[in-house]
Structure formats: structure tokens, C-alpha cells
Amino acid sequence: MNPVGKRNEPAREAWIERALARVPAGSKLLDAGAGECQFMRFCAHLDYVSQDFAEYDGTGDGSGLQTKSWDRSALDIVSDITAIPRPDASFDAILCTEVFEHIPDPRAALREFSRLLRPGGWLILTVPFCSLTHFAPYHFSTGLSRHWHERYLPANGFAIDTLESNGNYFEFVAQELRRTRGIANRYANDGWTESEQAAVGSILSALDRFSAAGAASSELLCFGWHVIARRATAPRG
């Protein structure tokens, strides 16, 4: 089966597992905005602490994409992500994945991470570049560009080690094309005809070919950005 447009979440999870494996055993890690703590399974070698604001319940306001259920029972800290009740330099590493689009002021979260990390500590971050409305009403931006990371990570005391795109323009278009049937059913009470479905298959094949040849199209559009940064200096203002 053609995998084009299906690589977003699997690629992100594989990257997170590799990034967490780089953190030295025994390090104290904060999973900020942990939600259901899905990445705890990659942290057996770490002293894992989870945090979330714990207000999302799976149904939200009913608009956009919702999960229907949401388990908050495993959280260690319940707080705003910009005011986590732990002393300065409490953690050796912070993981924050697919959270910044749900924060009214993501720069304030970066400042808090800088405060909480010891010098040399790890920040492992994934952020969408473009996303559909989800977890509403707690969805404040569709995502952030690589230029946002390049500007605001150093400004808050972080040295970027890795900044990688997840997917590219063609992968993103394929993902949304695959979603169209369900979205048309929900919002237009309609769906593909048999001939339209056959055309979709042909277009997906073309997008797979384009993706293999045009990875640099990520500068236009991609699923998101994967970042590893190190706490280097005191934040500047």
C-alpha cells in the first residue's frame, strides 16, 4: 500500500524515541504538556516526571478534531506550562511534543523551560508547521516555522543542536487528500464517487514520486519541526 501521507505520526514517534535515547541514563526529565504520557514508554532509563494543565477532556468544545476521551490520571504535576512549580535548574532534560500550538504564548513556555533546565540540559521539541483545528478551544495557532525556532530558541538561552523537518509539501498534501473523504462526510454530507476515488489513487502515486524527488519542498510546507537544543546561557530579556 502506498504510504505517502501516512508518515507524519510514525516518523515523529520514531524521532522522539531516538532523541530520548540520547539523554544519559538517570537524567531527570520533564515531559511538559504530557497529556496521556504516551512517551513515558521511551523513558525507562530516565527519571520521568509529567506535567500538563489537565483541562482538556477529549471533547473540548466539540469543534474541529477531538479525541473523544482523554486520560489525565498519570500526571505528576498539574499546572500552567508557563509556571511549573519546580525550582530553577530542576531538570536535566525537557520533552515537549506537539504542545506549542495549544499555548497562547509559546515564547513564555520557552522562558520557563530555560529556567527549569540546568546548564547543558536537553530540550527535545516537536512542533507542527501546519495543523488542522484540534483539541479546541485549546488550539491557538496552526504551528510554527523553522525561522521561529531559529529566532526564539537562542534568544531564550538555547543552542540548537538539531532542527529537522518532518515530511515535505507533497507528503502534507497527500495527508490532507487522504483525510478529505471523512471531512467531506462530516461537513458536506458527501464523499468520493467511484471514479473520483480512482483518481485519488493516481494522484497519491504521483505525490509519492514527487516526495521522493523533492524533499527540499519542506521549506514551503511540512508536517512539523523536530528540535534538539541545549540550555546554554541565561535568557536575554
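In table form, for the structure just shown:
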{"item": "The one condition in (1) modelled with pLDDT of 95 or more; (2) open to solvent by 20 Å² or more (accessible area, probe 1.4 Å) that ALA174 fails to fulfil", "result": "(2)"}
{"item": "Residue match in the stretch 154-162 (condition: part of a strand (DSSP E or B), out of contact with any helix residue (DSSP H, G or I) (no Cβ under 6 Å at 6 or more places or on another chain), crowded, with 16+ Cβ neighbours inside 10 Å and touching a residue at least 24 places away in the same chain (Cβ under 8 Å))", "result": "yes"}
{"item": "Filtered residue count, the stretch 41-58, keeping only those that are free of Cβ contacts under 8 Å to residues at least 60 places away in the same chain, out of contact with any Lys or Arg (no Cβ under 7 Å at 6 or more places or on another chain) and surrounded by fewer than 17 Cβ atoms within 10 Å (Cβ to Cβ)", "result": "4"}
{"item": "Which numbered condition LEU117 fails, given (1) over 18 Å from PHE39 (Cα atoms); (2) open to solvent by less than 10 Å² (accessible area, probe 1.4 Å); (3) touching a Pro at 6+ places or on another chain (Cβ under 6 Å); (4) not small (Gly, Ala, Ser)", "result": "(3)"}
{"item": "Options ILE81, ILE94; residue that is in a loop (DSSP other than H, G, I, E, B), open to solvent by less than 20 Å² (accessible area, probe 1.4 Å), hydrophobic (A, V, I, L, M, F, W, C) and touching a helix residue (DSSP H, G or I) at 6+ places or on another chain (Cβ under 7 Å)", "result": "ILE81"}
{"item": "Which numbered condition GLU112 fails, given (1) assigned to a loop (DSSP other than H, G, I, E, B); (2) under 26 Å from TYR56 (Cα atoms)", "result": "(1)"}
{"item": "In the stretch 120-133, residue nearest to GLY62 (Cα to Cα) [restricted to those that are among the hydrophobic types (A, V, I, L, M, F, W, C) and open to solvent by 10 Å² or more (accessible area, probe 1.4 Å)]", "result": "LEU132"}
{"item": "Scan of the stretch 200-232 for residues that are farther than 19 Å from PHE172 by Cβ and open to solvent by 20 Å² or more (accessible area, probe 1.4 Å), ordered by number", "result": "ARG230, ARG231, ALA232"}
{"item": "Subset of the stretch 69-78 that is surrounded by fewer than 16 Cβ atoms within 10 Å (Cβ to Cβ) and touching a Ser or Thr at 6+ places or on another chain (Cβ under 8 Å) - its residue that is farthest from GLY35 (Cα to Cα)", "result": "ASP76"}
{"item": "SER217 being polar (S, T, N, Q), more than 25 Å from the chain's Cα centre (by Cα) and either in a helix (DSSP H, G or I) or modelled with pLDDT under 95 (or both)", "result": "no"}
{"item": "Single condition TYR138 does not satisfy, out of (1) in a loop (DSSP other than H, G, I, E, B); (2) open to solvent by less than 20 Å² (accessible area, probe 1.4 Å); (3) aromatic (Phe, Trp, Tyr)", "result": "(2)"}
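The values are calculated or read from the model by the stated rules, or taken from the named source; none is laboratory data. Bear in mind the structure is a predicted one, so any value in this text is a computation, not a measurement. Positions of Cβ are generated from backbone atoms using ideal geometry, with glycine treated the same way; all protein chains shown enter the neighbour counts. With ligands, DNA and RNA removed, areas are computed over all heavy atoms of the protein, side chains included. Shrake-Rupley method; radii C 1.70, N 1.55, O 1.52, S 1.80 Å.
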